[in-house]
1. Which numbered condition in (1) under 17 Å from the mean Cα position of the chain (by Cα); (2) touching a residue at least 12 places away in the same chain (Cβ under 8 Å) is the only one that PRO141 fails?
2. Looking only at segment 75-104, filter to residues that are polar (S, T, N, Q) and either part of a strand (DSSP E or B) or touching a residue at least 60 places away in the same chain (Cβ under 8 Å) (or both); which one of those is farthest from ALA162 (Cα to Cα)?
3. Take the residues in segment 159-187 that are closer than 13 Å to ASP13 by Cα and either loosely packed, with under 14 Cβ neighbours inside 10 Å or β-branched (Val, Ile, Thr) (or both); name whichever of them is modelled with the lowest pLDDT.
4. I'm trying to understand the selection: among the residues of segment 34-57, which are of a type in the set (Gly, Ala, Ser) and either crowded, with 20+ Cβ neighbours inside 10 Å or touching a residue at least 12 places away in the same chain (Cβ under 8 Å) (or both)?
5. Check LEU136 against each of (1) part of a helix (DSSP H, G or I); (2) within 22 Å of VAL184 (Cα to Cα); (3) touching a Gly at 6+ places or on another chain (Cβ under 6 Å); (4) hydrophobic (A, V, I, L, M, F, W, C) and name the one condition it does not meet.
6. I'm told GLY4 meets every condition in (1) surrounded by 18 or more Cβ atoms within 10 Å (Cβ to Cβ); (2) part of a helix (DSSP H, G or I); (3) at pLDDT below 95 except one. Can you identify the failing condition by its number?
7. Looking at this structure, is ALA25 assigned to a helix (DSSP H, G or I), over 19 Å from SER203 (Cα atoms) and at pLDDT 95 or above?
8. Could you list, in sequence order, all residues of segment 149-197 that are touching a residue at least 24 places away in the same chain (Cβ under 8 Å), within 24 Å of LEU24 (Cβ to Cβ), touching a Phe, Trp or Tyr at 6+ places or on another chain (Cβ under 9 Å) and of a type in the set (A, V, I, L, M)?
Amino acid sequence: MLAGKFIVFEGIDGAGKTTQMKLLAGFLQNNGIPVLCTREPGGTRIGGRLRELLLDPACQDISHRTEAFLYAADRAQHVTEIISPALSSGVTVLCDRFVYSTLAYQGWGRGMDMALLLQLNGLATGGLVPDAVVLLDITVPEGMRRVLGQRAPDRLEGEKHAFFQRVREGYLEQAASFPKIFRVLQGDGAVEEVHRHIVGALSDL
């Protein structure tokens, strides 16, 4: 059986990644394509423990370097336990966040050394690169309105506007640097409209 496709959803908090990933999964399943939905952090049992730590508002004293290492540890377990086996068995994997989140949040957002983050995540992923990255782009105020309108913010969601603006810019710069895999779509339209645009943007796969 041919290897499955690996499609990643990225964007700032509130961009609609989870909703659109589920809609794409349904579309693929209806067309006879086996699919697995997963997320980072927390796509494995071990990753779930790491997610609790990373997003806990009580853990404000986590250093930037520790934060990056914990995300990389989650990713290493995720790739080894979930993503690579599924792809090898011919299943298409849809993932809510991947390496590009670390580069945007810890690189552009936190100001960490990009070379260090690239080296760390190269080790964590074993060099795995997605077939496509769907970047849902929305303004920071809209993203925060969506997030804060649903629940109390987690540790990262509680960051200031300027932090998320840097993260958004980081995503757009990555998309410009890797145009072959990035599909940049506006995430502020009607849910079904955004879904149709995503299906169209991925038609080459």
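1. Single failed check for PRO141: (1).
2. SER89
3. Across segment 159-187, the extreme among qualifying residues is LYS160.
4. Those that are of a type in the set (Gly, Ala, Ser) and either crowded, with 20+ Cβ neighbours inside 10 Å or touching a residue at least 12 places away in the same chain (Cβ under 8 Å) (or both): GLY42, GLY43, GLY47.
5. It fails just one condition, (1).
6. (2) is the only condition that GLY4 fails.
7. Against the criterion (assigned to a helix (DSSP H, G or I), over 19 Å from SER203 (Cα atoms) and at pLDDT 95 or above), ALA25 does not qualify.
8. The answer is VAL167, ALA175, VAL184.
The values are calculated or read from the model by the stated rules, or taken from the named source; none is laboratory data. None of the values given here were measured: they were computed from a predicted structure. All Cβ positions, even for glycine, are placed from backbone atoms using ideal geometry, and neighbour counts span all protein chains on display.
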